[in-house]
Amino acid sequence: MEHITYLFAAFLAVWIIIFFYLLSLSRRHRDLANEVEALRQMMEQKGTPH
Amino acid sequence: MKRFASFADNVLPWLTLATMIAALAMVFLYVPNERVQGLVQRIFYFHLPSAWNTFLGFFIVAGASASYLWQGSRFADLLAQAAAEVGMVFCTIVLVTGSIWARPIWGVWWTWDPRLTMVVVLWTIYAAYLLLRHLAGDTEQIARYAAVLGIVGVLDIPLLHIAVRLWRGIHPKVDKMAPEMMWTLLVCTAAFLCLFTWMLWLRLRNLSLREEIVALRRQALATT
């Protein structure tokens, strides 16, 4: 069972990188979708077709 | 495109999850220990597919950048940006897992082997690409500069393979593999390919939303 720490560390590192990238994608998506929605509402209030 | 969007939103996340679970099960429960390196060799099953995804990502950047320069397609420019970012994620995984594997096998975290050095060069080129896109603004001129960098950067990949032959490094080469190892590598490659496609799709969707915001802002300004 030698080097099990290294194996664990490598797989942990892979999952941490993947997790944080997916989290960042999801946050960016939420922020952008909110902004699109806000802009659309603003346009609707102004009565501009989009 | 609509069909792919529906597949990417509804099927791809579950396909990625299922293949990833199968990959992990094969890496930890099915494949035997490698005779010389032992347990730590299992890092290879995530390291190599990540390297392939890196190359795939940067080839997409180069192809899409060429298409942007040739035809001026905005979608090609967005695809290049998305592929560069996803390629960087996998390139980082390659560097980190390679370094962790090197410590028990070579006795050092890092050595300036030709292959390792060329991967660092590749990482640096695409980090520069992303910084250029992030810091210099989203103008047509910057998109063109970035496209040229994206095309030039991919030349590092064939150089990487030539460097290995020219300066014979210590990085191991895969010649023959036991069938269990081959199957495990295939399943891991499939899982990482699904993950790559899903991430690329999510990033593309973000970039299209950003485009929509720019268009809506322009429209709002035009009406005021």
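Defining a contact as two alpha carbons under 8 Å apart and six or more residues distant in sequence, what relative contact order in percent does segment B:1-87 show? All intermediate terms of the calculation are to be shown ahead of the outcome.
Values: 41 pairs, mean separation 18.6, N = 87.
About 21 percent, as a whole number.
Could you please report the charge total around B:Gly137, scoring K, R as +1 and D, E as -1 over all other residues with beta-carbon less than 14 angstrom from its beta-carbon?
0
Got a number for carbon plus sulfur as a percent of the protein assembly as shown's accessible area, 1.4 Å probe?
67
Would you kindly derive the ³J(HN,Hα) couplings of segment A:12-27 from the backbone phi angles with the Karplus curve 6.51 cos²θ - 1.76 cosθ + 1.60 (θ = phi - 60°), listing them in order in whole Hz, with x for Gly and Pro?
Ordered by residue, 3J(HN,Hα) equals 5, 4, 4, 6, 5, 4, 4, 4, 5, 5, 5, 5, 5, 4, 5, 5 Hz.
Which order do the peptides B:144-156, A:7-19, B:39-51 take when ranked by the mean count of other beta-carbon atoms within 10 Å per residue, highest first?
B:39-51, B:144-156, A:7-19
Largest first, please: the extent of the C-alpha atoms of chain B along each principal axis, to the nearest Å.
Extents along the principal axes: 72, 41, 26 Å.
In Å and on Cα atoms, what radius of gyration and Dmax does segment B:70-123 show?
15.6, 50
I need the peptides B:95-107, A:27-39, B:12-24, B:183-195 ranked by packing, meaning the mean over residues of other C-beta atoms within 10 angstrom, with the highest value on top.
Top of the packing list down: B:183-195, B:95-107, B:12-24, A:27-39.
Whose amide H sits under 5 Å from the amide H of B:Glu34, counting only residues 5 or more places off or on another chain, with H placed in the peptide plane?
Hits under the 5 Å cutoff: B:Gln41.
How far apart, in nm, are two points set 7 Å out from the Cα along the Cα-to-Cβ line at B:Ala178 and at B:Leu131?
Result for the modelled spin labels: 4.5 nm.
From the Cα gyration tensor of segment B:88-168, with a ≥ b ≥ c the square roots of its eigenvalues, which class applies: rounded if a/c is under 1.5, or else prolate if a/b is larger than b/c, or else oblate?
oblate
What are the membrane-span-like helices in chain B by this rule: whole DSSP H runs, Cα extent along the axis at least 24 Å, mean Kyte-Doolittle hydropathy at least -0.5?
B:44-71, B:74-106, B:114-135, B:179-223
Using only alpha carbon pairs under 8 Å that are at least six residues apart, calculate the relative contact order of chain B and give it in whole percent.
Relative CO of chain B lands at 32 percent.
Excluding ligands, DNA and RNA, what is the solvent-accessible area per residue of segment B:1-73 at a probe of 1.4 Å, expressed in Å²?
Details: 3970 Å² over 73 residues.
With all protein chains present, segment B:1-73 gives 54 Å² per residue.
Give the accessible surface of chain A per residue, rounded to a whole number of Å², with probe radius 1.4 Å and ligands, DNA and RNA excluded.
Per-residue value: 67 Å².
Can you grab the distance from the C-alpha centre of segment B:171-190 to the C-alpha centre of segment B:23-96, Å, no decimals?
Their Cα centres are 16 Å away from one another.
Between B:Ile170 and B:Ser208, how many nm apart are label points set 7 Å from Cα along the C-beta direction?
According to this spin-label approximation, the distance is 4.8 nm.
Run the quick spin-label model on B:Glu34 and A:Asp31: label points 7 Å from Cα toward the beta carbon, then report their separation in nm to one decimal.
Distance between the two pseudo-spin positions: 4.0 nm.
Residue by residue through B:41-52, how many Cβ atoms from other chains fall within 10 Å of the Cβ on average?
Across B:41-52, the average partner-chain Cβ count within 10 Å equals 2.
Largest first and in whole Å, what are the equivalent-ellipsoid semi-axes of segment B:132-224 based on the Cα gyration tensor, each being the root of 5 times an eigenvalue?
Values: eigenvalues 349, 98, 9 Å².
Values for segment B:132-224, descending: 42, 22, 7 Å.
Can you compute the radius of gyration and Dmax for chain A, using only the Cα atoms, both in Å?
21.2, 69
About the Cα centre of chain A, how large is the charge dipole given +1 on each Lys and Arg Cβ and -1 on each Asp and Glu Cβ? Please answer in debye to the nearest 20.
Taking the Cα centre of chain A as origin, the dipole is about 180 debye.
Chains A and B: what accessible area do they bury, summed, in square angstrom to the nearest 100, with a 1.4 Å probe? Show your work: numbers first, answer last.
Working: alone 5010 and 13150 Å², together 14940 Å².
The buried area between A and B, both sides summed, comes to about 3200 Å².
Rounded, prolate or oblate: which fits segment B:1-89, taking a ≥ b ≥ c as square roots of the Cα gyration tensor eigenvalues, rounded meaning a/c under 1.5, else prolate when a/b beats b/c?
Note, shape of segment B:1-89 comes out oblate.
Build a GNM of chain B with springs between Cα atoms under 10 Å: which of B:Arg168, B:Arg133, B:Arg205 gets the top mean-square fluctuation?
Highest fluctuation of the listed residues: B:Arg168.
The values are calculated or read from the model by the stated rules, or taken from the named source; none is laboratory data. Please read these numbers as outputs of a predicted model, since none were measured by experiment. Every residue, glycine as well, gets a Cβ built from its backbone with ideal geometry; the counts of neighbours run over all protein chains shown. These area figures cover heavy atoms from the full protein model, side chains too; ligands, DNA and RNA do not enter into them. Shrake-Rupley method; radii C 1.70, N 1.55, O 1.52, S 1.80 Å.
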